[in-house]
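The values are calculated or read from the model by the stated rules, or taken from the named source; none is laboratory data. This is a predicted model, so every value here is computed, not measured. Here Cβ is always computed from backbone atoms with ideal geometry, including for glycine, and neighbour counts include all displayed protein chains.
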Amino acid sequence: MLTTQRRGRLSRLTAALGASALALLGAVSIASSASAAEPFDMPTDDGSLTIHKFEQPSPVGSANNDGGTIDTTGLTALGNVEFTVYPITDVDLTTEAGWDLARDYAADTSLATTLGTPIVLTTGVDGSTSTQTLPVGAYLVVETDSSGATLPNGDPANVVLEAAPFVVTVPIPLGEGTWNSDVHVYPKNSLTQATKSVQNPDEYGLGSIVTWSVDVKVPSLPEGETFTEFHITDTLDPRLAYVASSAQVSLDGTPIGFTESFTGADADGRGGTLAVSLDAAALTSLAAAPGGIVTLEFDTTVHGLGDIPNTATVFINEPTTGSGTETNEVNTYWGDVAILKHATGDVNATLAGASFSVYATEADALAGTNPIVANGATEFTTGADGTVSIPGLWAGETATSSQTYWLVETVAPAGYILDSTPIEVVVNAGSLTQPVSVSVPNAQESQLTLPLTGAEGTTSLMIGGGALLLIATGLAMYSMSRRRQAAVETN
């Protein structure tokens, strides 16, 4: 017999899932013609129960009330799903009353509480598992753990709706005195796929906008089930800030209605959790779109360095306090560039007042167009120690990605020659613990040409002055000779 704890768990499972239409789930049901079967016709040898677990198809498919094998071509098998088979000990299939009780339990599995020792089965890669031998009787079959369900390729199956508990008999009456002792059942699971992605930033410096996307496959529900809840939550890294009202939700590209809330951010609006819930009209539209894609897109601004991860969680027909389905993790990588400006030939002779801009392409760097904005600035000037940091340049979306940038000196330090040749800088996502260091030398301005001074200059002046003196003396003597000659002629 079950312990009180196990019985309580089973009661909650069966009550929560209710009495399902087992034929629509692909599982076997108690045939209504069973009452026509005479007990003495029933075999007494052991039979078997084989469970085949597949994804719920769309359309739902046909019933399998006789417990025989069916064509599963095109269906997706689910491995690593646990089932528990409980003998229902108060059902005696050798009596008409026993068959009536079995039918009552099949209609409402929560009534089946007198249970024997459970048999635990787990599906293999092909989605099947078997008891091999099973004594004649009625059995309650409960899907007890689908959290580790896998697709044939080993990926998580992301079950959002388990198969409801069901009752099966071994053997199953087929009519006209024939029986099926080797029973096959095909309970289905509704699956989803939730994929996270990130787009390139609109800019490449800290403070840029990064857009995140969550794509969710609409599961195919069994007949009679409806979508009651559909939520997506995303808790942001403290280095991200949500851009208010940027969330958009669509179904196969067409906008659908939703409500959003954002809570838990710090005083600067960073971190926090975005929660999006589809409204009633959107939930109704999902029913007509099995296999469709619900997409959430939203924006954040980047305010920190390093590897910034992000995941989202999807909750379908369960509140956000449930386990949900988590997406893959995606990342955006950001790193610093540290510049040291110094005099040519001496790294210790650091220079203040040099300004730089950074560009995403060499063509922009050469033309001086489209400088990258980082933390609201496009120009970065060295301080007294000759250093300046260009904060947070995007390095890519994977740990092995890298981005190439181009530095250009726009203002030279006082007394030094401007060199506007673009400098190539590579920011690697895999090495962001330290900034990318760039050492940039500057040559001093050249000397001016000055007049000569000293001995050589004095000698030149003396020679020049002597020559002038000789010329003046000669002119004076010539002038005196002319005057004497004029005096003689006059006398």
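The strands (runs of 3 or more DSSP E) located wholly in the range 296-349 that include 1 or more residues which are closer than 30 Å to Tyr416 by Cβ occupy 330-343. For the range 234-257, taking the residues that are not hydroxyl-bearing (Ser, Thr, Tyr) and not in a loop (DSSP other than H, G, I, E, B), the one that is nearest to Gly324 (Cα to Cα) is identified as Asp234.
Exactly one residue out of Ala63, Ala97, Ala16, Ala23 is in a helix (DSSP H, G or I) and either more than 24 Å from Ser220 (Cα to Cα) or at pLDDT 55 or above (or both): that is Ala97.
Here is a yes/no grid of residues against (1) surrounded by 15 or more Cβ atoms within 10 Å (Cβ to Cβ); (2) in contact with a Phe, Trp or Tyr (Cβ under 7 Å, 6 or more places away or on another chain):
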| site | (1), (2) |
| --- | --- |
| Ala107 | no, no |
| Pro118 | yes, yes |
| Gly127 | yes, yes |
| Gln132 | no, no |
| Val136 | yes, no |
| Val141 | yes, yes |
| Thr144 | yes, yes |
| Gly148 | no, no |
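In the range 329-355, the residues that are closer than 12 Å to Val438 by Cβ reach residues that are of a type in the set (Gly, Ala, Ser) and assigned to a strand (DSSP E or B) with C-beta atoms within less than 6 angstrom, at least six apart or across chains, in these pairs: Asp336/Ser389; Ala338/Ser389; Ala338/Ser437; Leu340/Ser439; His342/Ala349.
Looking at Asn200, Asn153, Asn158 in this structure, which one is among the polar types (S, T, N, Q) and within 20 Å of Glu225 (Cβ to Cβ)? Let's see the steps before the verdict.
Working: Asn200 fails: within 20 Å of Glu225 (Cβ to Cβ); Asn153 fails: within 20 Å of Glu225 (Cβ to Cβ).
Among Asn200, Asn153, Asn158, only Asn158 is among the polar types (S, T, N, Q) and within 20 Å of Glu225 (Cβ to Cβ).
Residues in the range 197-216 that are in a strand (DSSP E or B) and surrounded by fewer than 21 Cβ atoms within 10 Å (Cβ to Cβ): Ser197, Val198, Ile209, Thr211, Ser213, Asp215.
The one condition from (1) touching a helix residue (DSSP H, G or I) at 6+ places or on another chain (Cβ under 9 Å); (2) at pLDDT 95 or above; (3) at positive phi that Tyr105 does not meet is (3).
Counting the residues of the range 356-396 that are in a loop (DSSP other than H, G, I, E, B) and surrounded by fewer than 18 Cβ atoms within 10 Å (Cβ to Cβ) gives 12.
For Asn180, the test of being polar (S, T, N, Q) and at pLDDT below 95 is failed. Just one of (1) part of a loop (DSSP other than H, G, I, E, B); (2) more than 31 Å from the chain's Cα centre (by Cα); (3) closer than 26 Å to Leu240 by Cα; (4) not acidic (Asp, Glu) fails for Gly353. It is (3). Answer yes if at least one residue in the range 67-78 is within 45 Å of the chain's Cα centre (by Cα), of a type in the set (D, E, K, R), assigned to a loop (DSSP other than H, G, I, E, B) and in the same structural domain as Gly116 (by TED's automatic domain parsing), and no otherwise. Yes, because at least one residue in the range 67-78 is within 45 Å of the chain's Cα centre (by Cα), of a type in the set (D, E, K, R), assigned to a loop (DSSP other than H, G, I, E, B) and in the same structural domain as Gly116 (by TED's automatic domain parsing).
Taken over the range 403-460, the criterion of being touching a Ser or Thr at 6+ places or on another chain (Cβ under 7 Å), at pLDDT 95 or above, among the polar types (S, T, N, Q) and closer than 23 Å to Thr344 by Cα is satisfied by Thr410 alone. The residue of the range 134-160 that is nearest to Asp90 (Cα to Cα), among those that are in a strand (DSSP E or B) and touching an Asp or Glu at 6+ places or on another chain (Cβ under 7 Å), is Leu134. Scoring Asp307 on the criteria (1) closer than 22 Å to Phe262 by Cβ; (2) charged (D, E, K, R); (3) at pLDDT 95 or above leaves a single failure, condition (1). Looking only at the range 398-418, count how many residues are surrounded by fewer than 18 Cβ atoms within 10 Å (Cβ to Cβ) and not aliphatic (A, V, I, L, M). Of the residues in that region, 7 qualify.
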